1. Name the single residue that is surrounded by the most Cβ atoms within 10 Å (Cβ to Cβ) among those in the range 181-192 being part of a loop (DSSP other than H, G, I, E, B) and out of contact with any strand residue (DSSP E or B) (no Cβ under 8 Å at 6 or more places or on another chain).
2. Out of everything in the range 72-98 that is in a loop (DSSP other than H, G, I, E, B) and farther than 19 Å from residue 138 by Cα, what residue ends up being modelled with the highest pLDDT?
3. From the residues in the range 51-68 that are surrounded by fewer than 21 Cβ atoms within 10 Å (Cβ to Cβ) and touching a helix residue (DSSP H, G or I) at 6+ places or on another chain (Cβ under 9 Å), which one is nearest to residue 14 (Cα to Cα)?
4. Kindly indicate whether residue 227 is within 24 Å of residue 98 (Cβ to Cβ), buried (at least 19 other Cβ atoms within 10 Å of the Cβ), touching a strand residue (DSSP E or B) at 6+ places or on another chain (Cβ under 9 Å) and touching a residue at least 12 places away in the same chain (Cβ under 8 Å).
5. How many residues does the range 21-50 hold that are modelled with pLDDT under 95, in contact with a helix residue (DSSP H, G or I) (Cβ under 8 Å, 6 or more places away or on another chain) and not in a loop (DSSP other than H, G, I, E, B)?
6. Might you check whether a residue that is within 29 Å of residue 38 (Cα to Cα), part of a loop (DSSP other than H, G, I, E, B), touching a helix residue (DSSP H, G or I) at 6+ places or on another chain (Cβ under 8 Å) and modelled with pLDDT of 95 or more occurs anywhere in the range 145-157?
7. In the range 156-168, how many are over 12 Å from the mean Cα position of the chain (by Cα) and within 26 Å of residue 102 (Cβ to Cβ)?
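The values are calculated or read from the model by the stated rules, or taken from the named source; none is laboratory data. Nothing here was measured: the structure is a model prediction, and the numbers come from that model. Cβ: placed from backbone, ideal geometry, glycine included. Neighbour counts: every protein chain shown.
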């Protein structure tokens, strides 16, 4: 189905984030409807869905960028949203902060302001191949260069859970593969990653489990094998051959 090397499927891993009954509307438009799922410590969880499914809205509600209309987000010991800044760091898609500052300045800001992981600086810069970019202004970077620079800054933060909206957007095939390896490396150090991805092939390369989102609803949660079993139980549907077929069957 897709690569599985290094994947985790350990049901004994503790839950670090629990989302219950989350809902968000914009006037008559229902963006999120009774969203519920769990994030396990040390996993890479993929939020999968087409454009307009509600992925960015969900991430913004989890991160506190905007308030949900109802529902709860609780962290490992049951505390709710008041402590989210200690647990979550959110990297939106398409941002270009401090356009007149250099990449090196941005990296140093993340280390100093957030109390970041200084010991990982050289490794992160090397893995994402941004050493040639450190002297350039952030506003002068191409889309792919900016994406890698912002990913590097996010990976240096100390929060145990990292939310990344579209980590592969703007990257070519080689860069996408290297970025996927880098995210798996970060997870191997104990970080929990929750990534929003609309390209199914990218999700299949990196994620341990998946939350399928369509039209503001969670249509399935689990490993690829668990979702395949769920899809296969649909009346009149043969066992799907790949993850794209699983997604289409469940959404």
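1. That would be 189.
2. Checking each candidate, the answer is 76.
3. That would be 63.
4. Taking the combined requirement at face value, the residue does not satisfy it.
5. Summing the residues that are modelled with pLDDT under 95, in contact with a helix residue (DSSP H, G or I) (Cβ under 8 Å, 6 or more places away or on another chain) and not in a loop (DSSP other than H, G, I, E, B) in the range 21-50 gives 1.
6. yes
7. 4
This table checks each residue for (1) touching a residue at least 24 places away in the same chain (Cβ under 8 Å); (2) touching a strand residue (DSSP E or B) at 6+ places or on another chain (Cβ under 9 Å); (3) over 20 Å from residue 125 (Cβ atoms); (4) crowded, with 22+ Cβ neighbours inside 10 Å.
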| residue | (1), (2), (3), (4) |
| --- | --- |
| 158 | yes, yes, no, no |
| 176 | yes, no, no, no |
| 194 | yes, yes, yes, yes |
| 198 | yes, yes, yes, no |
| 206 | yes, yes, yes, yes |
| 211 | yes, yes, yes, yes |
